[in-house]
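Visitor: What follows is a single structure, and I will ask about it in a moment.
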Amino acid sequence: MTMAGTCTIRFSILLSFLLVSLLGVEGIISDSCKRYECPTYDVIQAEKDYEIRRYNSPLWISNNPQDTSFVDATRSGFVRLFSYIFGNNKEKKQIKMTAPVASEVSVNGGKSSIVVSFYVPKENQANPPTADDLSIQRWNTKYAVVRQFDGFVTNSNIAEQVAALNASIAGTKWSAKVPKSYTVAQYNAPFELFNRLNEIWFLYDSEN
């Protein structure tokens, strides 16, 4: 390779790093969203460690497991919601699997409350099946500050990821109004060992 060619490659690499640092980079799209329907969103800001998304009116089916452990609550919630989509609902209707499993964590007086949700497919959103022990959540437009991480979600690494997202948005307009709850979105089935993708969401009703 000529010296000119080597310089061109080095310049391209340097330019790529500069663009990442100046413009940010959009997050990874989970392989699960190639197999299952996922809620759609627009990326309105991309930074190195987080991105801002705008979700437009998704619909979720939710339950509130009584487990205190995040992992146990998510497992219990997933089992009930999995049963729901396979027809364990008032209409005995099956609907398609979606991603992610979203677990919203709220802390009040030192006690955690966890709501586990499935995204409802678009074809069922006008008239979703119902169940006495489940609730329907209809979002208006939501803004999400999102941090991605890989591997398995554990009771110990969630706090680390939430703290890292808080650190990433420090000094921005989003840090002035961090919500009292956060959501952990998990895109992979428990048996999938590789290419796992998870996200921490801070959800806002507006961007101001």
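The values are calculated or read from the model by the stated rules, or taken from the named source; none is laboratory data. Because the structure is a prediction, the values reported are computed rather than measured. FYI the Cβ positions are ideal-geometry reconstructions off the backbone, even for glycines, and counts take in every protein chain you see. Accessible surface areas use protein heavy atoms only, side chains included; no ligands, DNA or RNA. Shrake-Rupley method; radii C 1.70, N 1.55, O 1.52, S 1.80 Å.
Visitor: Is there a residue in the stretch 90-97 that is closer than 23 Å to LEU197 by Cβ and under 14 Å from the mean Cα position of the chain (by Cα)?
Guide: No.
Visitor: For the stretch 98-111, enumerate the residues that are surrounded by fewer than 15 Cβ atoms within 10 Å (Cβ to Cβ) and either in contact (Cβ under 8 Å) with a residue 12 or more places away in the chain or part of a strand (DSSP E or B) (or both).
Guide: Answer for the stretch 98-111, where residues must be surrounded by fewer than 15 Cβ atoms within 10 Å (Cβ to Cβ) and either in contact (Cβ under 8 Å) with a residue 12 or more places away in the chain or part of a strand (DSSP E or B) (or both): SER106, VAL107, ASN108, LYS111.
Visitor: Here's another thing I want to ask about it. If ALA144 satisfies every condition in (1) under 27 Å from TYR204 (Cβ atoms); (2) open to solvent by 10 Å² or more (accessible area, probe 1.4 Å) but one, which is the exception?
Guide: (2)
Visitor: With respect to ILE95, is the statement that it is more than 26 Å from VAL43 (Cα to Cα) and in contact with a helix residue (DSSP H, G or I) (Cβ under 7 Å, 6 or more places away or on another chain) true?
Guide: yes
Visitor: Take the residues in the stretch 149-199 that are under 14 Å from THR74 (Cβ atoms) and among the hydrophobic types (A, V, I, L, M, F, W, C); name whichever of them is modelled with the lowest pLDDT.
Guide: It comes out as ALA189.
Results for (1) modelled with pLDDT under 95; (2) of a type in the set (S, T, N, Q); (3) part of a helix (DSSP H, G or I), shown as yes or no for each residue.
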{"site": "SER16", "(1), (2), (3)": "yes, yes, yes"}
{"site": "VAL20", "(1), (2), (3)": "yes, no, yes"}
{"site": "SER30", "(1), (2), (3)": "yes, yes, no"}
{"site": "ASP67", "(1), (2), (3)": "yes, no, no"}
{"site": "ASN88", "(1), (2), (3)": "no, yes, no"}
{"site": "LYS92", "(1), (2), (3)": "no, no, no"}
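Visitor: Same structure again: Kindly state which strands (runs of 3 or more DSSP E) lie completely within the stretch 124-208 and contain at least 2 residues that are more than 26 Å from ILE28 (Cβ to Cβ).
Guide: It comes to 135-138.
Visitor: Oh, and also: Using the structure shown, decide if ASP67 is closer than 28 Å to ALA164 by Cβ, in contact (Cβ under 8 Å) with a residue 12 or more places away in the chain, surrounded by fewer than 18 Cβ atoms within 10 Å (Cβ to Cβ) and touching a Ser or Thr at 6+ places or on another chain (Cβ under 6 Å).
Guide: Considered against the rule, which asks whether it is closer than 28 Å to ALA164 by Cβ, in contact (Cβ under 8 Å) with a residue 12 or more places away in the chain, surrounded by fewer than 18 Cβ atoms within 10 Å (Cβ to Cβ) and touching a Ser or Thr at 6+ places or on another chain (Cβ under 6 Å), ASP67 comes out as yes.
Visitor: Now a separate question. For the stretch 32-44: of the residues being open to solvent by 70 Å² or more (accessible area, probe 1.4 Å) and part of a loop (DSSP other than H, G, I, E, B), which is nearest to ASN188 (Cα to Cα)?
Guide: Checked the stretch 32-44; the qualifying residue nearest to ASN188 (Cα to Cα) is TYR36.
Visitor: Being without any contact (Cβ under 8 Å) to a residue 12 or more places away in the chain and either open to solvent by less than 70 Å² (accessible area, probe 1.4 Å) or touching a strand residue (DSSP E or B) at 6+ places or on another chain (Cβ under 7 Å) (or both): is that true of ASP72 here?
Guide: yes
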